[in-house]
1. In the set Phe54, Phe79, which member is touching a residue at least 40 places away in the same chain (Cβ under 8 Å) and surrounded by 10 or more Cβ atoms within 10 Å (Cβ to Cβ)?
2. Filtering segment 1-17 down to residues that are of a type in the set (A, V, I, L, M, F, W, C) and within 13 Å of the chain's Cα centre (by Cα), which residue is surrounded by the fewest Cβ atoms within 10 Å (Cβ to Cβ)?
3. State which residue is surrounded by the most Cβ atoms within 10 Å (Cβ to Cβ) when the search covers only segment 35-50 and only residues that are closer than 15 Å to Pro61 by Cα and modelled with pLDDT under 95.
4. Which numbered condition trips up Thr23, out of (1) closer than 15 Å to Ile72 by Cβ; (2) surrounded by 11 or more Cβ atoms within 10 Å (Cβ to Cβ)?
5. In the chain, which strands (runs of 3 or more DSSP E) lie fully inside it and hold 2 or more residues that are polar (S, T, N, Q)?
Amino acid sequence: MKVTVTDKSKKELNLVFLDEDHTFANVLRRELVASGAEMAAYRIPHPLEPNLEFKVRAASPVTASTDAAASIEKQAKEFKKKFSDACKK
């Protein structure tokens, strides 16, 4: 995954993710909104190009994005453990 910051201000952050799709974007968007971001949205400009444009609006969009990424990582680790435990039964 390659991430590029295309625009950054006090309350907004615009990113471009390469080689990502709706699966990743929906998880990130959901987590940002759930954690209190004012707005989180994305678009894929063209289905044949692997660019995903993402916009976050929050009191501190960099902190909100970093916290969302940490939360997603924690949830993924929890899922991995529970899945592994369930498969051992």
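The values are calculated or read from the model by the stated rules, or taken from the named source; none is laboratory data. Fair warning: this is a prediction, and the values are worked out from it, not measured in the lab. All Cβ positions, glycine included, derive from the backbone under ideal geometry; neighbour counts span all protein chains shown.
1. Phe54
2. Here is the first cut: in segment 1-17, the ones of a type in the set (A, V, I, L, M, F, W, C) are 1, 3, 5, 13, 15-17.
In the following step, the residues that additionally are within 13 Å of the chain's Cα centre (by Cα) were identified as 1, 3, 13, 15-17.
Working: Met1: 8, Val3: 12, Leu13: 23, Leu15: 19, Val16: 15, Phe17: 20.
Taking the candidates together, the pick is Met1.
3. Keep residues of segment 35-50 that are closer than 15 Å to Pro61 by Cα, which gives 35-42.
When the remaining residues are screened for being modelled with pLDDT under 95, the result is 35-36.
Numbers: Ser35: 14, Gly36: 10.
Among them, the one singled out is Ser35.
4. (2)
5. Numbers: elements: 2-8, 12-18, 39-43, 51-57.
The qualifying strands (runs of 3 or more DSSP E) are 2-8.
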